[in-house]
Structures are given as structure tokens and as C-alpha cells.
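Working notes, beginning with the structure itself.
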Amino acid sequence: MPGIYLHIPFCHKACSYCDFHFSTNLRKVDEMAVAISKEAVLQKGYFDDRPTIETIYFGGGTPSLMPAAQLGGILDILRETFVVSSAAEITLEGNPDDLEAKKLRELHAMGINRLSVGVQSFSDEDLLLLNRNHNAQQADRCIKLAQDIGIDNITLDLIYGIPGSGWKQWQANVDQAIALQVPHVSAYALSVEEKTLLHHQIEKGMVTAEPDATHEAQYFHLIDRLGEAGIEQYELSNFAKPGYKSRHNSAYWKGIPYLGLGPSAHSFKGKTRTNNVANNAVYLRALDEGRLAIASQETLSDRDQLNEYLMTQLRIVEGLDLQLLKEKWGFDLLYQEEELVQEWLSEDLIRIENNHLRLTRYGFMVSDAVIRELFVVEDES
């Protein structure tokens, strides 16, 4: 069943590594909540046959900085406009400094039943380098507060490969995530994007990026240590205890339709993908005038859909269904890419089991390169 993603494009300040669409000008937060609600109503007919919405995801940006009244108002509009399951997974991304006891109680009362907490590290030195708005104590405290209030479905984000952080700190980060007894962890390699503060610092020699070997060692330690604690990897960057996989993200990886609301949000429905404008002022003006703020819409060709399948399925541990590739797209991967497949097998990048091709832990480390190699760049006709 489909889901709804809401992009809340505001942050208290810019993290040194982030190149997402956001604004630190918080004067338009209330206006944005109204606009997103208007967009939801305008998109009432987006899904065919009014299906039941099984997941709602507030992402950003930093959704937790939006006042609870505005978040609750948006949820009310969604429930009035769409058929939302009483058992829907409703996730809110949040920063620890926003998630105080009063706010957490309000979020819990309005039906938010899953938190994605942007911890990144339990080291104040790391958080300072990343230009985060919280400290390690706040990260620890907000998770315990949420658990006490009754929100047990919590995922925390960690970043590995932080410059100068060191092996012992990474071990401590993973151990603390386990000690907090959260049922889900998302962990990402620190990516140095152009036009970010971190990129500038590295270019100027103020910070030294960690080598690939450090990223690999920390990633493998994460997989092993979380696995020992019963938090199993189910996707490139995601780990969960049984019953706690992200339903929203899992649906996305399976190609289930979703509606995106808010500036820069994407929507997907079968063969069409729609992108909203990545400009807050333009978005607000359009919704104030009663129209959608769509920047582009594309119809996906068979080739596009194949590439989308390759990209999403190679991220999950189940991997590619080789029979489906043949039946749906006429792509006999083992035959048509025999040389590549043999090379990857010899390098221990892939496994072939039960008519599925999946990446190994070494393959996950170079997944982008593997996916690029498999992408179909032109029709076979």
C-alpha cells in the first residue's frame, strides 16, 4: 500500500556535510505548514481508487523544529483527505535538541509512532566538526525520554568515516546505540559534497578526509557488532531487530507508489515520477495561488523502470530477482553480463543464491560502481 512523504525544509543551522534542500530562515515555518496542507488537499486524487495509506514520513530538513500544533494540523488534514490506516507507521525525523519531554508527549499523542533521531555521533568533538546543533548528552537523553513516554520504535542515525574521530570512538558509538536498546539503526558513510562547509575545509587543508580503508573497517565493524546484538542488516545502510524494518523505506525500495509533499519532494506512481520545485518562496507562492508547485514530471520508459529496479534492489540484502528480470524486461543478466558477473564473483562482490544476485559486504562498499556498470543506457531495439 502507498505512503506519503512530507519534506519540511528548515534547519536550525547548516551541518557541515549537508547539501539537501533546506533553509535556516524559520520565519516561514507556519506558512509552510499551511502550504503543505493545501498541497495535500490539491493532491487528493493522486492515488487511483483511494487506497489505504500505510506509511507517513516527515523528513527534511528538520521536521522536529516545526511546532507540534503545525505537525498535528498537517496530520489532521492527511487523515481527512486520504484513507489513512489506523495502524499506519508515522515517522518523524528529529534532532535531539528539539525532542524534549513536552514535545515528545505531544508527538506521541497526535499519533507519531516512530522517531528517526539524527544522532550521528555520541562524541561532542565529532558533533562540533559536523556543525550539529545538539550535544552527546542531549542525544542520549532524548532517546531515553521517548522510550519512557511510550515511543519504542526508534531509529538513530550514525555517520562513519568522520575525520579525526578514531577507531575507539566509532566502537563507542556503535556500543552506545546497542546500549540504548533502539530496534533500528541507520548508518551512512560521511560523503564530502561540493559547496558544503566540509568540502571547503578539506580543500583548504583544515580537515583531512579519512581514507577508504577506514570507512570499510568501520562499516564492517558496524555490521558485525549490530548483528551480534540481533540488529540485522536488511539494506545497505539500515539495520533492524525483527519486526522493526522501516515500512516506509521498504515500500520505496519495492517500487510501491508514494506521494511527496513540500518543496523538493518527489512523488512516484508506477510509470511516472514528479518533482516539486526546490525553492521555498516559489513553492509558497504557488500554493498561495491555489496551484501545485511541480518543477518536472517524467514518464518512465521500460529502460528507466529496469534501471530503477536495479538501483533499489541492489541496495537490499535480498538483491535482484533474476527470473523477474527475464520475465519483465527480457534481461538475462547472468548471460548478457557474464564477464562482469564472473569478475564480481571472483572479487567476492556478489553472491548468487536462490535465483537472486545480491551484493556481499564488500559489494555494498562499491555498490554505486556496481549499479553504474549494470545500468542499461540505451534500448536494445
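Results, tabulated for the structure shown:
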item	result
Residue that is nearest to the chain's Cα centre (by Cα), among those in segment 22-47 that are surrounded by 19 or more Cβ atoms within 10 Å (Cβ to Cβ) and either of a type in the set (Asp, Glu) or at pLDDT below 90 (or both)	Phe22
Residue count for segment 239-267, restricted to those that are surrounded by fewer than 20 Cβ atoms within 10 Å (Cβ to Cβ) and either part of a strand (DSSP E or B) or among the polar types (S, T, N, Q) (or both)	2
Enumeration of residues in segment 208-219 that are surrounded by 13 or more Cβ atoms within 10 Å (Cβ to Cβ), farther than 22 Å from Gly230 by Cα and of a type in the set (A, V, I, L, M, F, W, C)	Ala209
Count of residues meeting criterion [aliphatic (A, V, I, L, M), part of a helix (DSSP H, G or I) and surrounded by 17 or more Cβ atoms within 10 Å (Cβ to Cβ)] in segment 323-367	4
Meets criteria (surrounded by fewer than 22 Cβ atoms within 10 Å (Cβ to Cβ), in the same structural domain as Leu198 (by TED's automatic domain parsing), more than 24 Å from the chain's Cα centre (by Cα) and in contact (Cβ under 8 Å) with a residue 60 or more places away in the chain) for Glu80	no
Odd one out for Ala278 among (1) in contact (Cβ under 8 Å) with a residue 60 or more places away in the chain; (2) not in a loop (DSSP other than H, G, I, E, B)	(2)
The listed residue being modelled with pLDDT under 95 and in contact with a helix residue (DSSP H, G or I) (Cβ under 9 Å, 6 or more places away or on another chain), out of Val192, Val182, Val117	Val192
Yes/no for Ala213 being part of a helix (DSSP H, G or I), assigned by TED's automatic domain parsing to the domain that holds Gly111, without any contact (Cβ under 8 Å) to a residue 12 or more places away in the chain and more than 24 Å from His21 (Cα to Cα)	yes
Where Glu298 falls short, out of the listed (1) assigned to a strand (DSSP E or B); (2) crowded, with 18+ Cβ neighbours inside 10 Å	(2)
Selection count where residues are among the aromatic types (Phe, Trp, Tyr) and within 24 Å of Lys245 (Cα to Cα), scope segment 306-356	1
Residue check, Phe82 modelled with pLDDT of 95 or more, touching a Ser or Thr at 6+ places or on another chain (Cβ under 9 Å) and under 21 Å from Leu158 (Cα atoms)	no
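The values are calculated or read from the model by the stated rules, or taken from the named source; none is laboratory data. The structure displayed is predicted, hence computed values, not measured ones. Positions of Cβ are generated from backbone atoms using ideal geometry, with glycine treated the same way; all protein chains shown enter the neighbour counts.
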